[in-house]
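A short write-up of the structure that comes next.
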Amino acid sequence: MATEIPPSGTFAGLTQKVIAYSERFEALVDLSKTRDLTAADWTGIEELVDTARFERCGVFLGPQSETFGWATYKSYISQFGKHTDWDGKLRRVTEQGNLVVLELEERNRRDGVTDVSNTVTIYEFGPDGKLAHLDVYVSPLGKRKG
């Protein structure tokens, strides 16, 4: 399946930044399958992120919630991307003040198995308009072959 999210150019405001972030995330995941990511590869996504303040909270490597900063996040994404195919389907996106709530159906394929989950990610932006905080909530729907 392919990603089913309209292009970032069809949105405005902070929502446009969230969708652009998703596009750049997917591009990094795809690129990491071909070679190790370089500092230059991260430039596009880091334009959108306050890397000094960034904090991500939620599940990632296991069932327990984790909290970590940008350097750890980059490391996790680099490893995740090498072994996992990701795509998503937009359910809803809501913007209020400095927050954007993104609801997706996400599919992560690894070793011939696809994990399907509904996710809600809350993107919090600082006064400079850069992403400073992510809260990620995952509701697994199941696994399927392929």
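The values are calculated or read from the model by the stated rules, or taken from the named source; none is laboratory data. Every value quoted in this text rests on a predicted model; they were computed, and no experiment measured them. Note: ideal-geometry Cβ built from the backbone for every residue, glycine included; neighbour counts use all protein chains shown. In case anyone asks, the SASA skips ligands and DNA or RNA and just uses the protein heavy atoms, side chains included. Shrake-Rupley method; radii C 1.70, N 1.55, O 1.52, S 1.80 Å.
Some notes on this structure:
- Within the stretch 75-85, the set of residues being of a type outside the set (Val, Ile, Thr) and either surrounded by fewer than 17 Cβ atoms within 10 Å (Cβ to Cβ) or more than 12 Å from the chain's Cα centre (by Cα) (or both) comprises 75, 76, 78, 79, 82, 83, 85.
- Of the strands (runs of 3 or more DSSP E) contained entirely in the stretch 49-135, those carrying at least 3 residues that are modelled with pLDDT of 95 or more fall at 55-58, 85-96, 99-110, 113-125.
- For the stretch 99-117, a tally of residues being in contact with a helix residue (DSSP H, G or I) (Cβ under 7 Å, 6 or more places away or on another chain) and either more than 22 Å from residue 60 (Cβ to Cβ) or polar (S, T, N, Q) (or both) returns 0.
- The combined condition, being open to solvent by 50 Å² or more (accessible area, probe 1.4 Å) and either touching a Ser or Thr at 6+ places or on another chain (Cβ under 9 Å) or touching a residue at least 24 places away in the same chain (Cβ under 8 Å) (or both), is not fulfilled by residue 92.
- Single condition residue 21 does not satisfy, out of (1) assigned to a helix (DSSP H, G or I); (2) hydroxyl-bearing (Ser, Thr, Tyr); (3) without any contact (Cβ under 8 Å) to a residue 60 or more places away in the chain; (4) under 24 Å from residue 109 (Cβ atoms): (3)
- Residue within the stretch 43-64 that is under 16 Å from residue 78 (Cα atoms), touching a residue at least 12 places away in the same chain (Cβ under 8 Å) and in contact with an Asp or Glu (Cβ under 6 Å, 6 or more places away or on another chain) present: yes
- Total residues in the stretch 23-48, condition modelled with pLDDT of 90 or more, crowded, with 18+ Cβ neighbours inside 10 Å and either at positive phi or within 11 Å of the chain's Cα centre (by Cα) (or both): 3
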